[in-house]
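For reference, the structure discussed in these notes is given below.
The values are calculated or read from the model by the stated rules, or taken from the named source; none is laboratory data. Because the structure is predicted, anything quoted here is derived from the model rather than measured. Using ideal geometry, Cβ is built from the backbone for each residue, glycine included, and neighbour counts are taken over all protein chains shown.
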Amino acid sequence: MADRKKNINGFAHLIDLPVITDPRGDLTFIESNEHIPFAIKRVYYLYNVPVDAERGGHAHRELEQIVFALSGSFRLKVDNGINKSEYWLRDPRKGLYINRMISREMDSFSQGAVCMVLASEHYDEDDYVREYDDFILSVNKGEK
Ligand code: T46
């Protein structure tokens, strides 16, 4: 990505990935710093998610992530402490970029949905802001 800053101004936005289609099916690929605005340090995925489960419900101080529905669908709500948006992810060619210090919640998983996440940092419990009141306090103080 030539100008990373242009992709981190908004708090969340969809990223379209390339797709190569031929009679054998579709192929999508992702290259660090090319199709997404950071180097990938971690990949994780959620599966066997009950349809009535809720996940997330927290923010991260430093972490940037891109969330994909590789299969099935789910709703992803994002909140920067001032504005809120929601996205329905269902297309494996489209990922939702989530900037640092954005609260996110996921629900309405379809049966068999698979959610893959590309992360800019290794797992670090200290990076989580799990209480919404703490998140709002940090946003109001202009903290990361
Ligand atoms: C987000 C959604 C999509 C690890 O040990 N390593 C990891 O890389 C992760 C992500 C989690 N964990 C442990 C920490 C907890 O004991 O797995 C347990 C559940 O993790 P968490 O509460 O973070 O799971 P979700 O699904 O509520 O949220 C995660 C991400 O944290 C979040 O940023 O966007 O998945």
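If the condition is being more than 12 Å from the ligand (Cβ to nearest atom) and either touching an Asp or Glu at 6+ places or on another chain (Cβ under 6 Å) or of a type in the set (Lys, Arg) (or both), then the stretch 112-144 contributes Lys141, Lys144.
Check whether at least one residue in the stretch 125-134 is at pLDDT 95 or above and in a loop (DSSP other than H, G, I, E, B), and report yes or no. Within the stretch 125-134, one or more residues are at pLDDT 95 or above and in a loop (DSSP other than H, G, I, E, B). Could you please find all residues in the stretch 44-77 being out of contact with any strand residue (DSSP E or B) (no Cβ under 6 Å at 6 or more places or on another chain), more than 16 Å from Arg104 (Cα to Cα) and of a type outside the set (S, T, N, Q)? Scanning the stretch 44-77 gives Val49, Pro50, Val51, Asp52, Gly72. On the given criteria, is Ala69 at negative phi and over 11 Å from the mean Cα position of the chain (by Cα)? No; evaluated as a whole, the condition is false for this residue.
In summary, strands (runs of 3 or more DSSP E) completely within the stretch 1-111 and bearing 3 or more residues that are surrounded by fewer than 12 Cβ atoms within 10 Å (Cβ to Cβ) and within 15 Å of the ligand (Cβ to nearest atom) occur at 42-46.
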